[in-house]
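Worksheet: one structure, shown below.
Only the coordinates and a few stated rules stand behind these numbers; no lab work does. Please read these numbers as outputs of a predicted model, since none were measured by experiment. Methodologically, a virtual Cβ is constructed for each residue, glycine included, from the backbone with ideal geometry; neighbour enumeration extends over all protein chains shown.
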């Protein structure tokens, strides 16, 4: 049977350029895992890289027409709003008879399957949670030309106009999965993405990782031997030397998690590779960090989230400020400058919370690099459906649910904090827009770039500190004052970076934190 897996085109929203993507990086291997599982079942499978290859829907339609898929499976990656072009395209494919059956899978569909089935008649079903076993069962049903039964893990419309779904058990042994298929387009990315584990043993209020798997903690790790076998295959076939573990939580829980990391480090040491990971601060210990660095670890993302213990408790991080600072120190001792996740503005932040956060960032020298500073000085808490934060704020009647049904917004309860967040959002989004071409490698850096960047970095820090201080002292900010301030800072950014000399209408692509 012919099965086509579609990584659909994704637009970039200017207003969201400084926000994280609403799907974890591990999603980038979803289609690859589906492809290899289906191939082992004897199906003819292709992946269309609509995003990485910058394909239009017209080009994708031509590919679908030529391939004649019996099953079209769409990895829906949410990007800020209802994807009406995608929905319309799938309805067109269905009405034209280009595919007998259309399903969707991924993080966004798992959480918002009812909304998708209500809004997109072209989609016959949605795979909920881990997709490999369900898509294999679905392919078997479609290939036998039967009406698709109510499969475990598959959300479908019922006869009463509603939606029915029963989750299936998770894959307990990830070593049983074959290595994912990787397209040539994926090897254009500097690092080869790997998935060494799934789930997280944490329970942060803002996180959608565990809700995807089924609410509670479901961390499962592949064996070090299995991971290294995949790396060896990639090295042999592609000569790759740069890797990135897309696991939301590289270390497993407790002593067993660290023993596993040590075993992996010992196996990787002779491969002469470099790799990055993502981890919780409470898992950063010299006993494991040292061997991992010797094995090639050179980049690490840690979720600090706040510089105040009361905020960390509110976010249910199960970590402390002391652990945050210890992790930063340890990483720097091993010459790794941490990439950090941080929520400057929570829905319930006070000015005191913001002040403590700011002083934490200054104290730990985290505001010295322009792109990092721009992210840290404005990052609000994104509220996603399925998370504890979403449920809590919904119960309090504070949510404004977006058209997609997946994301909601909420005003910050403290009006002064809301005002400061608005100021910094405008300024940092403008900076990311102006720097998109440079940071994306499309436009040459200006002469004397390091000095220019340092001055803009200082401008951002001063703007934040002076605005925060003025609000703390009780000064009033009306719309006119805010507009004048933002306009002045934007002008200074352009002057400092020398962007006023850029030719009008010169093409610049937006910087994006989207998947892959």
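Miscellaneous remarks
- The stretch 163-184 and the stretch 102-162 have Cα centres separated by 15 Å.
- For the stretch 319-379 versus the stretch 277-301, the gap between their alpha-carbon centres in whole angstrom: 18
- Contact order normalised by residue count of the stretch 2-164, Cα under 8 Å, 6+ apart, percent: 23
- Globularity index of the stretch 300-376, i.e. its alpha-carbon radius of gyration over 2.2 N^0.38 Å: 1.04
- Sorted peptide list for 420-430, 236-246, 94-104, criterion being average Cβ within 10 angstrom, highest first: 420-430, 94-104, 236-246
- The chain: angle of helix 321-333 to the longest principal axis, Cα-based, in degrees nearest 10: 90
- Overall form of the stretch 108-163 per C-alpha gyration tensor (a/c, 1.5; a/b vs b/c): oblate
- Percent RCO, i.e. relative contact order, over the chain, from Cα pairs under 8 Å lying at least 6 residues apart: 14
- Helix 351-363 vs. the chain, principal-axis angle (Cα, 0 to 90°, nearest 10): 90
- Options [x] 1.13; [y] 1.37; [z] 1.00 - which one matches Cα Rg over 2.2 N^0.38 Å as calculated here: [z]
- For the stretch 178-412, the fraction of C-alpha pairs more than 24 angstrom apart is 50%.
- Global geometry of the stretch 2-164, whether rounded, prolate or oblate, following the gyration tensor of its Cα atoms and the 1.5 cut on a/c: rounded
- Extension reserve of the residue 62-residue 359 stretch, reckoned as 0.36 nm per residue once the Cα distance is removed: 101.4 nm
- Global form of the stretch 365-447, assessed from the alpha-carbon gyration tensor, a/c cut-off 1.5: prolate
- Relative to the longest principal axis of the Cα atoms of the chain, the long axis of helix 254-268 lies at roughly 80 degrees.
- The stretch 178-412 - percent relative contact order, Cα under 8 Å, separation 6 or more: 17
- Radius of gyration, Dmax [the stretch 229-365; alpha carbons; angstrom]: 16.7, 54
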